[in-house]
Ligand SMILES: [Zn+2]
């Protein structure tokens, strides 16, 4: 049997659609289980996602549309996708890099054990009809010059269609991808291509060992001075623009505005997600070098500890992403405190409640030199913003009370988000209250910095995590708030008045490493004074 001759463009588009639909049964199965995909709205979202996948595949195929490559490449992709589909349906697995590495390490004997009639039948059903049609269809290849233009067009238009369909539906798409991160490994054959590329480039990646940092670090101060207590509150998903301290028109900072704080209004983050920002902000690589760093290094907490300080990490969220490997840590998110916890998570206040007893567990000799505490907040973690503020702090109503953001109006989403900031305002004021009490016996200070910002529907964007180069400012513009007790100001000759004149200077997470070392009077070669935002206002060194 021979079918009518076709242009290669028709073959590319048909195979992209076949791959996006038939060869992606597990993906569609998983998607339709999500509450976002109910009803007509779900049908519409699914069509857009299918177009997105097909567009991406078309774009990938664009460079392979030549007489000797088109059919073989499409056949390989379709067979791979059918095999993946079979394994996913049969075993509920995901095709990620470790899985690909696993398969590559399987020998022929193990391979042959896997082959059975059920598999052969499934794969034949999934790819047979299309492959039969394609190989029986003669293809009308254009002349070389036209072929080049046509291929470039396929590449560009495919990408444009993929990006366009994501943008039309960005809220749904980003929220699904962020909340169900493993789902992306169900998209055939993009998962296999991604996994293979990753598996082959991994050995070229950086050395796993962590290089020590600041081996010369010492506390450059009289051992007679009272030991300072410094709390670094690591905020979550707090965006600067929604802090009334920084000019927001709703009062999200009723308590902090009564305190003697300094709010730097122009701070930018290192990344757009917790995983990308956190390791970067604790390091001294700086944003532009962090991604390409040739090896892993310790962070400023390690340097503080090496200098002699007692360092403590209290975590009320998903852990420290490798930033607290060498220091004392305590997790509060899994505590069963009925007044502050429910549904496997706790409000941030719980960290203050357990702080005194955790400080007691630190080495007494180190505590004599001073204590540095990191408190990792749950903060404004989305999309379930409503879960992050206790009832008493729900100042802005009505708020979105669903984690499916598309069920709410933008105003309700912003209300729910702002309520999380009202609660953070209270939490920070409670940290300050604790530090004020403590300042009777030692100098105390607090610094609050968020890991990244958030999109709340501007330009139809939600949540965060866009590539840095294209991320809107709201995802990288973060609060940076400092509070110093009078005794801390005295000890360092640092004044709030001076810092306030500097509050609109442009700073970034690159400054955090050096600013904390500076505040804590750590002397080391890795400290750079020009990246210490407090240096110009400090008279005692
Ligand atoms: Zn985060």
* Considering the stretch 504-541 alone, what residues qualify as being out of contact with any helix residue (DSSP H, G or I) (no Cβ under 7 Å at 6 or more places or on another chain), assigned to a loop (DSSP other than H, G, I, E, B) and buried (at least 19 other Cβ atoms within 10 Å of the Cβ)? -> 521
* **Subset of the stretch 368-406 [in a helix (DSSP H, G or I) and either within 16 Å of the ligand (Cβ to nearest atom) or more than 24 Å from the chain's Cα centre (by Cα) (or both)]** => 385, 387, 388, 391, 392, 393
* To do: Those residues that are under 30 Å from residue 310 (Cβ atoms) and more than 15 Å from the ligand (Cβ to nearest atom), I need them from the stretch 233-266; list them, please.
  => 255, 256, 259, 260, 261, 262, 263, 264
* Structure fact -> Of (1) out of contact with any helix residue (DSSP H, G or I) (no Cβ under 8 Å at 6 or more places or on another chain); (2) under 30 Å from residue 220 (Cα atoms), residue 434 fails just (1)
* Mind telling me which of the residues 284, 299 ends up being within 24 Å of residue 446 (Cβ to Cβ), crowded, with 24+ Cβ neighbours inside 10 Å and at pLDDT 95 or above? => 299
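Scan the stretch 285-303 and give yes if some residue there is within 28 Å of residue 227 (Cα to Cα), out of contact with any strand residue (DSSP E or B) (no Cβ under 7 Å at 6 or more places or on another chain) and within 16 Å of the ligand (Cβ to nearest atom), otherwise no. I'd like the intermediate steps shown before the answer.
Of all residues in the stretch 285-303, those within 28 Å of residue 227 (Cα to Cα) come to 297-303.
Still in the running and out of contact with any strand residue (DSSP E or B) (no Cβ under 7 Å at 6 or more places or on another chain): 299-300, 302.
So of that shortlist, the ones also within 16 Å of the ligand (Cβ to nearest atom) come out as none.
No, the stretch 285-303 contains no residue that is within 28 Å of residue 227 (Cα to Cα), out of contact with any strand residue (DSSP E or B) (no Cβ under 7 Å at 6 or more places or on another chain) and within 16 Å of the ligand (Cβ to nearest atom).
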* Could you list, in sequence order, all residues of the stretch 451-467 that are modelled with pLDDT under 85, out of contact with any strand residue (DSSP E or B) (no Cβ under 6 Å at 6 or more places or on another chain) and away from the ligand (no atom under 14 Å from the Cβ)? => 459, 460, 467
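Assigned by TED's automatic domain parsing to the domain that holds residue 383 and either on the phi < 0 side of the Ramachandran plot or modelled with pLDDT of 95 or more (or both): which single residue out of 209, 274 fits that description?
Step by step, each of 209, 274 is checked, and only 274 is assigned by TED's automatic domain parsing to the domain that holds residue 383 and either on the phi < 0 side of the Ramachandran plot or modelled with pLDDT of 95 or more (or both).
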* Kindly indicate whether residue 424 is at pLDDT 95 or above, crowded, with 22+ Cβ neighbours inside 10 Å and either within 16 Å of the ligand (Cβ to nearest atom) or part of a loop (DSSP other than H, G, I, E, B) (or both). => yes
* To do: Kindly establish whether residue 18 is assigned by TED's automatic domain parsing to the domain that holds residue 130 and without any contact (Cβ under 8 Å) to a residue 24 or more places away in the chain.
  => no
* Structure fact -> Sole miss for residue 341 among (1) within 16 Å of the ligand (Cβ to nearest atom); (2) over 23 Å from the mean Cα position of the chain (by Cα) is condition (1)
* Return only the number of the condition from (1) at pLDDT 90 or above; (2) in contact with a strand residue (DSSP E or B) (Cβ under 6 Å, 6 or more places away or on another chain); (3) away from the ligand (no atom under 16 Å from the Cβ) that residue 326 does not satisfy. => (2)
* To do: Determine if the stretch 173-188 includes at least one residue that is closer than 18 Å to residue 61 by Cα, in the same structural domain as residue 78 (by TED's automatic domain parsing) and surrounded by fewer than 16 Cβ atoms within 10 Å (Cβ to Cβ).
  => no
* To do: Kindly indicate whether any position in the stretch 481-501 is under 26 Å from the mean Cα position of the chain (by Cα), crowded, with 21+ Cβ neighbours inside 10 Å and in contact (Cβ under 8 Å) with a residue 24 or more places away in the chain.
  => yes
* Conditions (1) in contact with a helix residue (DSSP H, G or I) (Cβ under 8 Å, 6 or more places away or on another chain); (2) at pLDDT below 95; (3) within 15 Å of the ligand (Cβ to nearest atom): number failed by residue 479 -> (2)
* To do: Sort out which residues of the stretch 22-53 are free of Cβ contacts under 8 Å to residues at least 60 places away in the same chain and in contact with a helix residue (DSSP H, G or I) (Cβ under 6 Å, 6 or more places away or on another chain), and write them in order of number.
  => 37, 50
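The values are calculated or read from the model by the stated rules, or taken from the named source; none is laboratory data. A quick note: this is a predicted structure, and the numbers were derived from the prediction, not measured. So basically every Cβ, Gly included, is an ideal-geometry build from the backbone, and we count neighbours across all protein chains shown.
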